[in-house]
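*Asks:* This is the structure I want to talk about, given as structure tokens.
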Amino acid sequence: MMDHLIIILIGFVLAISLARIIIPNIIIISRRKGLFDLPDGRKVHRRPISRLGGVCFFPTILFAVTFLVALCKKAGWFFWMDGTTQFPELLLLCSGLTLLFIVGIADDLVGVRWRQKFLVQIFAAAMFPLAGLYVNDFYGMFGIYSISVYIGVPLSILLVVFITNAINLIDGIDGLASGLSIVALFVYGNLFIYNGLWLYSLLAFTTIGVLLPFFYYNVFGQAERGKKIFMGDTGSLTLGFILSFLTIKYAMMNFNYNGAILVAFSVLLVPCLDVIRVVIRRVRNGKSPFLPDKTHIHHKFLAMGFTVRKAMITILFISFLFSLSNILLVSYVNNTLLFIVDVAAWTGMHMYMDKVIERKKAINNVTTD
């Protein structure tokens, strides 16, 4: 076991080192070529900032994981993967990531219509069922257990597209998408270690490794000195797809306890529930669910008077709290009931936030008058 942990640590350090080298050079190239995300009325930043940070995610992760797997196999150190399931899963994961990497770069540089992005995402999501990865069991949630392949495959494709876009849409303030992804990946990495699935843990911790240098430049980098960067669609699509892969893999591992499906998705409750809430609100108000606005959870925290950094830290804490509580309680509480409690807590939190925002607006109006 210690040998496997050392290899995972090497992958983690290797990803950090490569990203630390690549990201400053992306910033330099963006400055020379004028490749910036310009501020507007909907965005928080006030200076032009490069949005190509995510360009380094996929190549760095791909190199670190495949290099270490090949090295271990060649040296005969460990049998990292079997050729029946894990090898096709890794190859088809890379195939889907390649498609999203291409469309992400195109979108960050020249823009891509949302219909075209959805088609590419659906095609990329279909890579998972081709590898035999799909949600095949609800473990008793809502009274559902084993799921037919005819339901599981389209459901899984829908979930992959949904999760991928949830990460993309939550990327609204510094450190939020990357921070939420780090929390989720840390939980997944440890869950896979606990279950002896070292390849998936290597993927999770390698992805954390590439995110840490980005997180530093994104959160602590100074825009006026040209040291700040965003991940763009290239980065958010990459992260969403990897998280989808790890989520579905954990959900279909046929555990002997009924909490697997809830644990698998608990780390993504914040971005997923936020997207559902925002879409329902837009549709209820007669607006297109695809048109951007300022109603996401981070916008609410800002409206309550939080700074960008405090809002980010608070949302990360909420996400970690959901994950930890579900993992600890799922063995003792019915998974359906626990999920209902999660949704109720999420709804109650937003009702309280809305009241605080309304009170703050009323006070400001009185002060202005």
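The values are calculated or read from the model by the stated rules, or taken from the named source; none is laboratory data. Small disclaimer: the values here were computed from a predicted structure and weren't measured. Cβ placement follows ideal geometry from the backbone for every residue including glycine, while neighbour counts extend to all protein chains displayed. Areas reflect the complete protein model, heavy atoms only, side chains present, ligands, DNA and RNA absent. Shrake-Rupley method; radii C 1.70, N 1.55, O 1.52, S 1.80 Å.
*Asks:* For segment 65-81, state whether one or more residues are open to solvent by 60 Å² or more (accessible area, probe 1.4 Å), touching a residue at least 40 places away in the same chain (Cβ under 8 Å), more than 22 Å from Leu158 (Cβ to Cβ) and not in a helix (DSSP H, G or I).
*Replies:* Among the residues of segment 65-81, at least one is open to solvent by 60 Å² or more (accessible area, probe 1.4 Å), touching a residue at least 40 places away in the same chain (Cβ under 8 Å), more than 22 Å from Leu158 (Cβ to Cβ) and not in a helix (DSSP H, G or I), which makes the answer yes.
*Asks:* Which of the numbered conditions does Leu159 fail, given that it passes all the others? Conditions: (1) under 30 Å from Ala303 (Cβ atoms); (2) in a helix (DSSP H, G or I); (3) open to solvent by 10 Å² or more (accessible area, probe 1.4 Å).
*Replies:* (1)
*Asks:* Sticking with this one: From the list Gly143, Gly152, Gly172, pick out the single residue that is farther than 20 Å from Ser30 by Cα, surrounded by fewer than 24 Cβ atoms within 10 Å (Cβ to Cβ) and in contact with a His (Cβ under 7 Å, 6 or more places away or on another chain). Quick ask: steps written out before the conclusion?
*Replies:* On the way: Gly143 fails: in contact with a His (Cβ under 7 Å, 6 or more places away or on another chain); Gly152 fails: in contact with a His (Cβ under 7 Å, 6 or more places away or on another chain).
Of Gly143, Gly152, Gly172, the one residue that is farther than 20 Å from Ser30 by Cα, surrounded by fewer than 24 Cβ atoms within 10 Å (Cβ to Cβ) and in contact with a His (Cβ under 7 Å, 6 or more places away or on another chain) is Gly172.
*Asks:* OK, next. If you go through segment 321-332, how many residues are assigned to a helix (DSSP H, G or I) and farther than 15 Å from Leu273 by Cβ?
*Replies:* The qualifying residues number 4.
*Asks:* If I filter segment 307-330 for residues that are farther than 17 Å from Tyr145 by Cα and in contact with a Lys or Arg (Cβ under 8 Å, 6 or more places away or on another chain), do I get at least one hit?
*Replies:* no
*Asks:* Restricting the search to segment 96-107, which residues are surrounded by 16 or more Cβ atoms within 10 Å (Cβ to Cβ) and either under 22 Å from Tyr200 (Cα atoms) or modelled with pLDDT under 90 (or both)?
*Replies:* Gly96, Leu97, Leu99, Leu100, Phe101
*Asks:* For segment 258-313, how many residues meet the condition of being within 24 Å of Arg115 (Cβ to Cβ), assigned to a loop (DSSP other than H, G, I, E, B) and open to solvent by less than 40 Å² (accessible area, probe 1.4 Å)?
*Replies:* Adding up the residues that qualify gives 3.
Every residue, every condition in (1) assigned to a helix (DSSP H, G or I); (2) modelled with pLDDT of 90 or more, yes or no:
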site: Asp3; (1), (2): yes, no
site: Ser30; (1), (2): yes, no
site: Pro59; (1), (2): yes, yes
site: Leu92; (1), (2): yes, yes
site: Gly111; (1), (2): no, no
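*Asks:* Does segment 236-244 contain at least one residue that is at pLDDT 95 or above, aromatic (Phe, Trp, Tyr) and buried (at least 20 other Cβ atoms within 10 Å of the Cβ)?
*Replies:* yes
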